[in-house]
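Below you'll find the structure, written out as C-alpha cells, and then a few comments.
The values are calculated or read from the model by the stated rules, or taken from the named source; none is laboratory data. Because the structure is a prediction, the values reported are computed rather than measured. All Cβ positions, even for glycine, are placed from backbone atoms using ideal geometry, and neighbour counts span all protein chains on display. Protein only, heavy atoms only, side chains kept; ligands, DNA and RNA dropped before computing areas. Shrake-Rupley method; radii C 1.70, N 1.55, O 1.52, S 1.80 Å.
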Amino acid sequence: MLLYFITCVSFFLFLKPFLLLKPLPSWANEVRLISYLFHKDLCLKSISRLFRKILVSRMSFVKRSFVSKVENVEEEDTASQDLSVLDLPDLVLECILEKLPPDSLYQMAGVCGSLREKCVSDHLWERHMKQKWGRVIGPVAYREWKWHVASKRSFGSLRHANNSSIKKQSSYLPPDSFMTWYLALENGNFWFPAQVYNRENGHVGFMLSCYDAELCYDPHTDTFQARYPPHGRRAVAVEHGIQWDRLRAPPVDTSPHDLHISECLHDLHPGDHIEIQWRRNKDFPYGWWYGIVGHLESCDGNANYCRCHKSDTVVLEFNQYTTDSRWRKTTICRKDHREEGNEADGFYGGVRKIKSEREISLWKSLWPSEILD
C-alpha cells in the first residue's frame, strides 16, 4: 500500500509541472527524492536477496551433494522456493561447467546422474587435455591409450567368464572417455610414448637430440619419469625428474626403429633448420638430431650466386661440435636418400624440415654451454 501511495504521488508531482506550468513547492522535490530512493533501495534489496540465495545455495550445494533448500534468507521472505543449478538453462549451465577446473569438474560429476552426464562430456575434458597435455601428447599416445583400454576390457571379460562370482565394478567413468584418460595421466597411472630432449640428464653424448621414451607423470613433483628402449645389449635406461620443457609429442608418426620417409629434400636451402634421424649402429633405435643446411665447399655463401639448393648433394652441419670434429658435418643425396653411414660414424636416416619458430627457439635454448668435440 505504501509503495502504491508513493508511486502515485511521485507520478502526479512529476506530471503536474507539464500541466500547470507552475513551480512546485520545495517539499515536492523531497517527495520525489524519497520516491527515487525508495525504488532504488527496493531494487537493491531484491538483487541482494537473489545473490544471497544463489551464494547460500551454491555453498550448501557443494557441501551437501550440491542440492539444498534456501529458507528464510530474510525474515520477510517466507515463501522461498527450492533453488538448484539444475534449474539453470542448459546454455548457462554449460558455460559454468566450461569455467570449472578439472578437479572441480570431477567432483561435480559425482553429485547426481543429471550432472554426471554433463560433466563427463568429452568436449569439456578434451579442452583440459589440450591445455595441459597437448604439447606432450600426440596421436601415438592416443593410440596407445585406446589399446590400453581395449586390453583392460578384454582382460576384465576373461576374468568375469572364469569367475562368475566377481562383482561388476561400479563406476560412472566411461573407460574410453577423455575424462578417464586425463585422470589416468594426472595420477601417473598411464605410461605414454613421447620424446625427450637431451636425454639422460643432458649427457654429453645426447646434446641437441630428442629420443623416444615411455613416460609417466609424477603429480607430487610435477615432473616425469622416462624409460628409454634398450640399445643393443644395453638394458633399459631410466631417468627421473624430467621437466615439462624437455618433452614433446613426436612430430612424425614414425617408429624409432623405422626409417622416416623424407618429403622435404627438394625444398632444402642453406640456412634451413632440420632434424635428422641418427643411430649408433643397426641395433640402436633412431634419435632426432638438430642441424642446419650448409653450403657446398665450392660455394662462398654469397646469396646472390649460391646454387646449393639445385645440387643433388645436401650439406648438413651440426654446429654444436668443433670444426674439426667428425660429427660436425655430413652430406646426403637429395634425389635418392636412404639410410647412409657406417659403423664408425653411425647411420643417418630420414630428414624433417623445421618450419616452426617455436621449435627453432626451443632447440636454441638447449644449446650446450661449451662446444663439443
### Query
Residues of region 85-120 being closer than 23 Å to residue 219 by Cβ, assigned to a loop (DSSP other than H, G, I, E, B) and open to solvent by less than 40 Å² (accessible area, probe 1.4 Å), which ones?
100, 120
### Message
I need a count of the residues in region 201-229 that are surrounded by 14 or more Cβ atoms within 10 Å (Cβ to Cβ) and in a loop (DSSP other than H, G, I, E, B).
### Response
3
### Query
Just checking, how many residues over region 316-350 are in a strand (DSSP E or B) and either touching a Leu at 6+ places or on another chain (Cβ under 6 Å) or of a type in the set (D, E, K, R) (or both)?
7
### Query
Taking residue 249, is it open to solvent by less than 40 Å² (accessible area, probe 1.4 Å), within 30 Å of residue 218 (Cβ to Cβ) and more than 25 Å from the chain's Cα centre (by Cα)?
no
